[in-house]
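The values are calculated or read from the model by the stated rules, or taken from the named source; none is laboratory data. Fair warning: this is a prediction, and the values are worked out from it, not measured in the lab. Positions of Cβ are generated from backbone atoms using ideal geometry, with glycine treated the same way; all protein chains shown enter the neighbour counts.
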Amino acid sequence: MTADAAHPNQAACTRFSIARVVTNNCVEGDLLCGSLVVGAEVSLVPGGRQARITALQAAGATLSRAEPGSLLRVTFSTELPASVGALLAPAQQRPIAADQFQAELHWLGILPLLPGRNYVLQAAHRRVIAHISKLKCRLGIESEQIAATHLLQTESGLCNLALRQEIAFDPYTVNPATGVFTLHDSTSGERVATGKILHALRRASNVHWQATAVDKARRAAIKQQTPRVIWLTGLSASGKSTIANRLEQKLVSRSLHPYLLDGDNVRHGLNRDLGFTDADRVENIRRVAETAKLMLDAGLIVITSFISPFKAEREMARALFEPGEFIEVYVDTHLDVCEQRDPKGLYKKARAGEISNFTGFDSPYEAPEAPDIHLDTSQLSADQAADRILAYLDDLARDPA
């Protein structure tokens, strides 16, 4: 069945976006297109539950039929598990519900679009975390498709988006009212892109989350420890790896079970295919964060030692964990000191122009504004820094709140 056969055009279809849940059988929102009539049956998408409309109100007036315009209140004959951003539609004209789709994106942000970075997607009243899972191409003059790894301001491209939760929509060519969205910076809220949804991307029908009998709490209880992710961030040669090594040793001496994920070591295996462009750095941290999540689920205390230069990716990593599980440690070392140490000779090569995309020179480092632990290495040795982290963990154990 073609998209046009599956969905009516905008003039013929009805789409109501829920802005507020008043009660279990009453919602408020905007009628994006079509009309609502008292007595009609509607479906909730995502979800599929159906109910009959028993009352319509707009601006204090009771209506028998509603058209697009002012804020509308809709009352149902039965309870619906409605949520903000869901759509109401006729049962035979339901929109699509999916958490992945292909879109045409027009980039507005000052910073370039980076696949893998989290953004906030807004479609009507629905807001959800999303990332570009694949940038397929940049669109040139007359929609010429050009290979690209990122989009700059005013550029457009075709891409695949992956969302944290399903949203309801129609392809833009079927219904522009529900086929458009915007992307916003996850930190500042600034609008960075507009988009048109082309079509849904379906997951394989045989892929499901498998529930297991042994959970994180039980694994942690066996190890007699509280799983944490201790995320060390800082410039190259700031002392992250040295501190991480000392911390791991001290934890082991307490008969605990840590595991250190070091930036260089991970790039020998899991991330050996990644370079040092901004896009590759984003993907590097995404993979590490997901790996750390699995290791924390196994009950381990995970120590990560990565430059992780971008605030957005560190926030993405934190968002994967429960409150208190993720501890951001800023290893604060002045650039001059890092350059004096330069154990790998990278700063010397960067100044000579022999390597590009080097953090602190032609690639930025966004220092944490409010890290859980701030280590000033001009005042602390590696041993003292590791002890500071241990003290923080001890304080958490005494007062988890």
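Anything in region 242-263 that is of a type in the set (D, E, K, R) and in contact (Cβ under 8 Å) with a residue 12 or more places away in the chain? List them, or say none.
Arg246, Glu248, Lys250, Asp262
Condition first: charged (D, E, K, R) and in a helix (DSSP H, G or I). Now tell me which residues in region 232-276 satisfy that.
Lys240, Arg246, Glu248, Lys250, Asp264
Suppose we keep only residues that are among the polar types (S, T, N, Q), over 34 Å from the mean Cα position of the chain (by Cα) and not in a loop (DSSP other than H, G, I, E, B) within region 336-384. Which one would you say is surrounded by the fewest Cβ atoms within 10 Å (Cβ to Cβ)?
The extreme case among them is Gln340.
Of Ala217, Ala211, Ala279, Ala221, which residue is assigned to a loop (DSSP other than H, G, I, E, B) and either surrounded by fewer than 16 Cβ atoms within 10 Å (Cβ to Cβ) or at pLDDT below 95 (or both)?
Ala211
Please verify whether region 312-330 includes one or more residues that are within 26 Å of Arg287 (Cβ to Cβ), part of a helix (DSSP H, G or I) and of a type in the set (Lys, Arg).
yes
Ala200 - would you say it is farther than 25 Å from Arg287 by Cβ, free of Cβ contacts under 8 Å to residues at least 12 places away in the same chain and out of contact with any Gly (no Cβ under 7 Å at 6 or more places or on another chain)?
Criteria not met by Ala200.
Only one of Gln225, Gln210, Gln145 is without any contact (Cβ under 8 Å) to a residue 24 or more places away in the chain and not assigned by TED's automatic domain parsing to the domain that holds Ile132; which?
Answer to the check: Gln210.
Can you name the residue in region 127-151 that is out of contact with any Lys or Arg (no Cβ under 8 Å at 6 or more places or on another chain) and part of a loop (DSSP other than H, G, I, E, B) and, of all such residues, is surrounded by the most Cβ atoms within 10 Å (Cβ to Cβ)?
It comes out as His150.
Does any residue of region 68-78 turn out to be assigned to a loop (DSSP other than H, G, I, E, B), buried (at least 20 other Cβ atoms within 10 Å of the Cβ) and assigned by TED's automatic domain parsing to the domain that holds Thr14?
No, there is no match, as no residue in region 68-78 is assigned to a loop (DSSP other than H, G, I, E, B), buried (at least 20 other Cβ atoms within 10 Å of the Cβ) and assigned by TED's automatic domain parsing to the domain that holds Thr14.
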